[in-house]
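The values are calculated or read from the model by the stated rules, or taken from the named source; none is laboratory data. What you see is a predicted model, and the numbers here were worked out from it, not measured in a lab. No Cβ is skipped: glycine too gets one built from the backbone with ideal geometry, and neighbour counts run over all protein chains shown. Surface areas here come from the heavy atoms of the whole protein model, side chains and all, with no ligands, DNA or RNA. Shrake-Rupley method; radii C 1.70, N 1.55, O 1.52, S 1.80 Å.
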Amino acid sequence: MERPGQARMPFKNFKTYLSQRSAETSDSKSSAYADKVAREEERRWGPPAGDGIIDERSTRGVVQRYQKSMGIHRLANADNPDYLKYLKRGYFEPVPQITLISPLAAPPINKLNFYKNAAEERLYYVLNNAVDVDADGVTKPKPPKMRPDKVSAVIMAQKRMRTAELIDPSFASDSDVFLSNKSFRKKGYSRQVRPLEISHAFQELFENQMKAREVGGQGHQTDEVDVMIMLDVSGSMGTIHPFPFAQPRHAAKQQLSQRAIHHMEVRDSYASQGGAGHMLIVPSSSQLNWNNFDTKWKDVWTLIEKRGPTRVMAGWKKVREAHFVKHGGGGKAWKDPVYGWQAGPNMAKLSLLVLLDGEAYDMDEFELELLGEKWAYITICLVGREDFSDHHRHANELTRIAQANDHINFLDVQGRISERLVVSNVLQRVYASSAPSYNEIMDPRFDLPSYSALAE
């Protein structure tokens, strides 16, 4: 009811008034949120550069490059309402290397979303939110979101496994491990998922190396590529599982490593210097070549027998340290006091072959780490049990990672394998433009004696 002498406010003016008040409140909240973001960034990374030019060796420079490598730089701003929450969790910076126990080994923050640990929770955030850009700067279509629950993982694995196909029988060898035991060879070779196409980045990496050698010999270290092998050693590798038609993965990996090294010796200039052989990274590092393989492998087998759960991050840290110590001199790399080794633009590249069994408890942390390491071109060969849920869960993740990141290749190898075929597929990626031909792979001089450890 109107009071005497009071004028009525027109309705449309009242709506305008409310709209203005709402906008002012929203602006005030946005400004407050932006201030909180700025304070948190400064607390974590120090004050911003006064002239706006960020030194690549400063903490902010390391963080900025990490965000771009991960594809999350477009999320790192106050316009993202979730940015502050994930900023406080450390998602927008590398994992600190100075802690004895990784923060990613902690339980997940959201315990109702089926995540195993903080590493898997963070990995799925990146996989589901990163913006992928191809070599030409074009944004790639966003794939469907990945979900961590077992039902979603099984459905995704079943879809992938429906593409599995019979292998090319011409690659068969009498020395393939599973053929040494009658109970293992009854069903023959397992169907395998066709490997993803070799990325353009891998092809370009080795083409640049070959051009540099033609023009300037070994002087162009920027274009040189070192090659290492990282091998998972754990108790699970030495186990003959009770499931039918299985095989001990240590034996398959032993033969895959030996076959690969035989072909690699004539290709890697670094390994040939001094004739020491290729660097094999396990809990301790060894130089392996064709002549000393059997002797050196006994040391590896001793480690396998003594190891408990797989810790793949221990091997990865050794790879980083070995590569940067070897090639990081002359200002090509530096060691950040918090985030560890950082590669400069002139750093030699690494082509790393990783043989894993997929049962590492820190596998998600390893996958997350690879996304931000553009100096390392990584070929992951996941050797697992046929129809095993953990194997397929990690195969799902690695397939997604490889599809979105040109510096990562992934091969899913499960069940009863043709070793020559696996080595051929692996080396086409590790060496890209100078991989062994079919005739070289099939040359009897590169084959192995029949494996007898499982023979009845």
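Applying the criterion of being of a type outside the set (A, V, I, L, M), closer than 23 Å to Asp443 by Cβ and in a helix (DSSP H, G or I) to the residues of region 158-186, the residue that is most open to solvent (accessible area, probe 1.4 Å) is Pro169. One residue stands out among those in region 394-439 that are touching a Gly at 6+ places or on another chain (Cβ under 8 Å) and part of a helix (DSSP H, G or I): the one that is most open to solvent (accessible area, probe 1.4 Å), which is Ala404.
Filter region 350-390 down to the residues that are in a helix (DSSP H, G or I) and in contact with an Asp or Glu (Cβ under 8 Å, 6 or more places away or on another chain), then identify the one that is surrounded by the most Cβ atoms within 10 Å (Cβ to Cβ).
Our first condition is that a residue be in a helix (DSSP H, G or I); within region 350-390, this holds for 363-371, 389-390.
If we keep only those that are in contact with an Asp or Glu (Cβ under 8 Å, 6 or more places away or on another chain) as well, we get 364, 367, 390.
On the way: Asp364: 25, Glu367: 23, Asp390: 15.
Top of the filtered list is Asp364.
Under 9 Å by Cβ, and 6 or more places apart or on different chains, what pairs join a residue from region 117-137 that is surrounded by 20 or more Cβ atoms within 10 Å (Cβ to Cβ) with one that is at pLDDT below 80 and among the β-branched types (Val, Ile, Thr)? Every condition considered, the pairs that remain are Ala118/Ile109; Glu121/Ile109. Taking the numbered list (1) outside any helix (DSSP H, G or I); (2) touching a helix residue (DSSP H, G or I) at 6+ places or on another chain (Cβ under 7 Å) in turn, Leu84 passes all entries but (1).
Scanning for something modelled with pLDDT under 90 and part of a loop (DSSP other than H, G, I, E, B), does region 319-328 turn up at least one residue? Among the residues of region 319-328, not one is modelled with pLDDT under 90 and part of a loop (DSSP other than H, G, I, E, B), which makes the answer no. Pairs meeting the criteria (first residue in region 154-175 and on the phi > 0 side of the Ramachandran plot, second residue of a type in the set (S, T, N, Q), beta carbons under 8 Å, at least 6 apart or on different chains) are lacking. Tell me, yes or no, whether region 421-443 has at least one residue that is under 16 Å from Ile198 (Cα atoms) and either free of Cβ contacts under 8 Å to residues at least 60 places away in the same chain or within 11 Å of the chain's Cα centre (by Cα) (or both). Yes, region 421-443 contains at least one residue that is under 16 Å from Ile198 (Cα atoms) and either free of Cβ contacts under 8 Å to residues at least 60 places away in the same chain or within 11 Å of the chain's Cα centre (by Cα) (or both). When you look at Met146, is it surrounded by 13 or more Cβ atoms within 10 Å (Cβ to Cβ), at pLDDT 80 or above and in a loop (DSSP other than H, G, I, E, B), yes or no? When the stated conditions are applied, Met146 passes them.
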